[in-house]
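A short write-up of the structure that comes next.
The values are calculated or read from the model by the stated rules, or taken from the named source; none is laboratory data. Quantities reported herein were computed from a predicted structural model and do not represent experimental measurements. Don't worry about glycine lacking a Cβ; one is built from the backbone with ideal geometry, like all the others, and counts go over all protein chains shown. When the accessible area is computed, the model is the full protein with side chains, heavy atoms only, and any ligands, DNA or RNA have been set aside. Shrake-Rupley method; radii C 1.70, N 1.55, O 1.52, S 1.80 Å.
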Amino acid sequence: MTDDTPWLSREQLRAWMKLVAVMELLPAALDQQLQRDADLTHFDYMVIAMLSETEGRTLRMSALASATNASLPRLSHVVSRLEKRGLVSRCTSSEDRRATDVRLTDAGQALIVDAAPDHVRTARRFVIDALDDTQVAALDDITRALLTRLDPEGRFAAVTYPRDDDVPAICEARLTGTADDQPPAARS
């Protein structure tokens, strides 16, 4: 019996182990900050953020699951928890009565607006500010290459978000001084 596994070189193994460490440490750091400051998990935050960036702050449950890379049962559980807190509401889709839409409430919008600055500071502290502009561009290229293998259908919103022609996202609008804490669809 022969072993034809293409084993990693020393340099490849070093890079792989560093990536594994980041995959383990970064989610915990993001969760810790969001739990402390907003009583949200990182996944809760992503659900609310995806809704806050859509027309009418509403998405079909299946589209929200795709945008957050969640199974429908996991998303349903999280939406139920957020619904109990008054952050989202569910309703039958006006376009397809068999489907369910999730809408971000005014309380949910207020929470994401309040939580975003600390979350952005945390993302900057652990990732963005550790890199120079060339490294950020390289990180974008590297993660895009990885995502084409991990998500070849491009279901996860990170592959295309934000598009160059999008209305500025909340964080981008705050950076440029054009934010009015309204959902992007309300800004012109």
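Structural remarks
- Where residue 114 falls short, out of the listed (1) of a type outside the set (Val, Ile, Thr); (2) over 18 Å from residue 56 (Cβ atoms); (3) surrounded by 18 or more Cβ atoms within 10 Å (Cβ to Cβ): (3)
- Some residue of region 97-107 being open to solvent by less than 80 Å² (accessible area, probe 1.4 Å) and under 15 Å from the mean Cα position of the chain (by Cα): no
- Among (1) of a type in the set (A, V, I, L, M); (2) within 26 Å of residue 41 (Cβ to Cβ); (3) more than 18 Å from the chain's Cα centre (by Cα) - the single one residue 111 does not satisfy: (3)
- Matching residues in region 70-86 - criterion: being part of a loop (DSSP other than H, G, I, E, B), modelled with pLDDT of 95 or more and open to solvent by less than 70 Å² (accessible area, probe 1.4 Å): 86
- Taking the criterion of being closer than 22 Å to residue 66 by Cβ and part of a helix (DSSP H, G or I), the only residue of region 87-108 that qualifies is 108.
- Filter result (within 30 Å of residue 108 (Cβ to Cβ) and loosely packed, with under 11 Cβ neighbours inside 10 Å) within region 1-35: 23, 24, 28
- Close pairs from region 83-105: first of a type outside the set (Lys, Arg), partner open to solvent by 60 Å² or more (accessible area, probe 1.4 Å) and modelled with pLDDT of 95 or more, Cβ under 8 Å, at least 6 apart: 83/90; 88/103; 89/83; 89/103; 91/103; 100/90; 101/90; 102/90
- Here residue 64 meets each of (1) part of a helix (DSSP H, G or I); (2) out of contact with any strand residue (DSSP E or B) (no Cβ under 8 Å at 6 or more places or on another chain); (3) open to solvent by less than 50 Å² (accessible area, probe 1.4 Å) with one exception, condition (2).
- Single residue of region 36-56 satisfying the filter (among the charged types (D, E, K, R) and assigned to a loop (DSSP other than H, G, I, E, B)) that is most open to solvent (accessible area, probe 1.4 Å): 39
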